[in-house]
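Notes follow once the structure below has been shown.
The values are calculated or read from the model by the stated rules, or taken from the named source; none is laboratory data. Computed from a predicted model, the values in this text were never measured in an experiment. Ideal geometry is used to build each Cβ from the backbone, glycine not excepted, and the neighbour counts take in all protein chains shown. All accessible areas refer to the heavy atoms of the entire protein, side chains included, with ligands and DNA or RNA removed. Shrake-Rupley method; radii C 1.70, N 1.55, O 1.52, S 1.80 Å.
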Amino acid sequence: MRAVLPGRFQPFHKGHLKVVEWALERVDELIIVVGSAQESHTLQNPMTAGERILAIRETLKEYLDRIYIIPVPDILMNASWVAHVKTYVPPFEAVITRNPLVKVLFEEAGYKVLEPPAFERSKYVATNIRAMMLSGDPSWKEFVPEPVAKIIEELGIIRRMRELSKRD
Ligand code: NAD
């Protein structure tokens, strides 16, 4: 079975990694849909789709023979989103998600929904990780896989966020 795992991954954190590992125990191939691919250079979406793909790929090196990583931009119509996703990815039978909107849309489109357990959900929150990055709290690194932290530092994502938080 092949399944999609949609997410914004701003940034890809240790909770996401647990979800991927949980999924790979249940499906043959996983399609990681990097959603909101058009978004970047904002405090909510600091990384480009390409930067997110790099971070995910570096983290999942040992699994890459079973993984696709595909960017998909958002569209204005939620009701058409599953059909939109389908045009970007290989054929699949199931979706892996805990996001209520994503769940409803794929369910209504007739797909099997696999819901992973919450892996320390209150700890691994991308919004909090971005807040730590912006405030200069170095503990953000504990919440993301090591390759993600390295790429965020190499690409100057924190400096970018600080610049974006300034007023003109
Ligand atoms: P996310 O990066 O917050 O999370 C990705 C997945 O991991 C989610 O299913 C989330 O529940 C799960 N997760 C995160 N931490 C976890 C943890 N600790 N334990 C267990 N599960 C955990 O992404 P998201 O917000 O779900 O992303 C959905 C994407 O789909 C967004 O880019 C959104 O814009 C897109 N989308 C677009 C449309 C449209 O274009 N109309 C409609 C629906 C969704």
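Observations on the structure shown:
- Residues in the chain average 52 Å² of solvent-accessible surface per residue, probe 1.4 Å, ligands and nucleic acids excluded.
- Largest accessible area first, the residues R98, R57, R130 order themselves as R57, R98, R130 under a 1.4 Å probe with ligands, DNA and RNA left out.
- Hydrodynamic radius (Kirkwood) for the range 1-147, which is based on Cα pairs only, to one decimal in Å: 15.6 Å
- As a length-normalised measure over Cα pairs under 8 Å and 6 or more apart, the relative contact order of the range 81-121 settles at 40 percent.
- Size of charge dipole - the range 21-168 - debye, nearest 20, with Cβ of Lys, Arg +1 and Asp, Glu -1, no other charges: 440 debye
- Annotation: amide H of V89 has no partner in the under-5 Å range at sequence separation 5 or more or interchain, hydrogens built in the peptide plane.
- Mean ellipticity per residue at 222 nm, deg cm²/dmol - from DSSP H runs of n ≥ 4 across the chain, formula -39500 (n - 2.57): -11000 deg cm²/dmol
- Karplus-derived 3J(HN,Hα), 6.51/-1.76/1.60, for each residue of the range 59-68, Hz, glycine and proline x: 6, 9, 3, 6, 10, 4, 5, 10, 10, 10
- Our coupling estimate for the range 45-52, obtained by passing each phi through the Karplus curve with A = 6.51, B = -1.76, C = 1.60 and θ = phi - 60°, is 10, x, 9, 6, 4, x, 5, 5 Hz, Gly and Pro reported as x.
- The chain, accessible surface, carbon-and-sulfur percent (1.4 angstrom probe): 51 percent
- Phi-derived couplings, Karplus 6.51 cos²θ - 1.76 cosθ + 1.60 at θ = phi - 60°, listed residue by residue for the range 108-125: 5, 7, x, 8, 6, 10, 9, 9, x, x, 6, 8, 6, 4, 6, 8, 9, 10 Hz, with x used for Gly and Pro.
- Once C-alpha pairs closer than 8 Å and six or more residues apart are averaged by separation and normalised to the residue number of the range 32-168, the relative contact order reads 27 percent.
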